[in-house]
Amino acid sequence: MKVFAATVLCGLLCSAVSASSKVKDEHRTAFFGEDLYINVPPKDLGELVFRPRTNRSLELVLLQEGLVVPQLQPQSNISGPEVKLISPGHITLENLQEKHEGLYIIKNNASTVVKRLVVIVTDCAVEQIIKYGDHYDIHLNHVEGPIALEFRPSALPTNHTDTEPTEPPPVLLFNQTVLLEEYERRLSVSEGKVTLRRVRMSDEGSYTVMDRTGKVRTRNCLNVREHQTFIHLTYGSDFTLNLYLDHSNLNVVYRPKSLNQDWPIVEQGVVVSPLDPQLEGRLSVGGAVIHIKKLKEADTGVFKVTDLAGFSVAHVYIEVEPYKLPSLTVAILSLLGLVAFMLLVCLLSCLYKVHKRNEKNKRLQLLAEQSGKSDGEAFRQSGASCANTRSRAEPGSRVENQACRNNQNTAQTRRNSETRGEDRTEANEAKGHGSPRYRATTMLT
């Protein structure tokens, strides 16, 4: 009998464990100060247990037998949220804080788990990234005024904090009045929004908006980033650098690309004198800008701007293009270069023709000299032949005269044939200087 009872008990325990293991965790996200609504069938609502995220071994009973359990003195700064029963089966967890993150277990009257709810509290309903010196707006949708505005700087953790801050966050705005002196000229409120002007790095953090009853309505987070600017400039142009704040509140350092050294321009709000020799006479500081005249290629570098607290405001990278001739000048020089090249080609062609003409004249003169020698020898032989004929023939006879004429005709015929040979040689030279005969004649010459 005892064995049977033990078996039944084990079966009941196993069924309860298996039933609870079948319930899946439901994840819900709530913003800081928001109310979270949980719906549970009335017959299943018996007990609500809270296990904080920071201490899983601790269990806080918020509801028992369908009734709200009063909260006792919190243990180790850990307490559950305020619980309200709107109607049977409808639970409200009010004004959730980071310490209310964790696991909420709902059980029925038989201590069976019917729902497991994992709640995550997000510190900021809206998170914005604003550049240094710009304006930041907090919209007041469905918030009844007059409002109060609390600020918690980012030096304190803003998300998932395990411990509560020892001091309450400062109140910047209460009943439409700015309370802190440093925000008097920068913070303003209207019907629809709160505006913070000229944002600084020290303004980074979370801003909590509370309505006229003091209830948290929204919390916005501000992240401030430095300006990163890259500028390409032409040689000889002027440049104006925006500092975003008056130079009396800044430090400005210039590092040229050619040198691995920082040259201060403004230190603790005061313009340094003398300046970098490279910028001397071309750089001037006025208000929230820096002017540089007649940029050079060596001016390529980076300007680092920081506030008096050491927070980075801007990094401005400038790159100056090398000097370039104007387009019209380049076109004119190109045209002049083309004309000079054509004139050079014409000059070389003329020199070549003059050289060939001189060579031809030399060859013709040599041929003429050779031809003159041949003619003289022929006339000399003709004269000698006539003299021999006269000596053998009778003076004044027809035989003498005929012999002389024959010799003269023979000499004339030889001279004509030589002249025609010279003409054919010149014609061959004109037709083609590359013929074998021409090359042979040139070699013989």
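Separation of region 47-65 from region 80-150 is 17 Å, based on Cα centroids.
Assuming charge only on the beta carbon of Lys and Arg (+1) and of Asp and Glu (-1), the dipole of region 227-320 about its Cα centre is about 160 debye to the nearest 20.
Between LEU338 and SER57, the simple label model (points 7 Å from Cα in the Cβ direction) yields a spacing of 9.3 nm. Around the amide H of VAL69, modelled in the peptide plane, lie the amide H atoms of LEU63, GLN64, all under 5 Å away and 5 or more residues distant in sequence or on another chain. The residue among VAL266, PRO277, GLY287 whose Cα reaches farthest toward the positive pole of the charge dipole of region 227-320, with charges on the beta-carbon of Lys, Arg, Asp and Glu, is PRO277. Going from the residue with the fewest nearby Cβ atoms within 10 Å to the one with the most, ASP307, ASP246 rank ASP246, ASP307. Summing charges over neighbours of LYS131, with a neighbour being any other residue whose Cβ is under 10 Å away from its Cβ, gives -1 when K and R count +1 and D and E count -1. With neighbours defined as other Cβ atoms within 10 Å of a residue's Cβ, the residues SER327, SER258 order from fewest to most as SER327, SER258. This model, with +1 at the C-beta of Lys and Arg and -1 at the C-beta of Asp and Glu, gives region 126-225 a dipole about its Cα centre of some 320 debye.
Is the shape of region 205-275 best called rounded, prolate or oblate, per the rule: a/c under 1.5 gives rounded, else a/b larger than b/c gives prolate, else oblate, with a ≥ b ≥ c the square roots of the Cα gyration tensor eigenvalues? It is prolate, given that a/c is not under 1.5 and a/b is the larger ratio. If the segment from LEU103 to VAL272 were pulled out straight at 0.36 nm per residue, it would be longer than the present Cα-Cα gap by 54.8 nm.
Evaluating 6.51 cos²θ - 1.76 cosθ + 1.60 at θ = phi - 60° for every residue in region 264-281, the Karplus couplings come out as x, 10, 10, 10, 6, x, 10, 5, 6, 9, x, 8, 4, x, 5, 9, 4, x Hz, glycine and proline recorded as x.
Every number in this text was worked out from the coordinates using simple rules, so none of it is lab data. Since this is a predicted model, take the numbers as computed values, not measurements. When we count neighbours, we look across all protein chains shown, and the Cβ atoms used for this are built from the backbone with ideal geometry, even at glycine.
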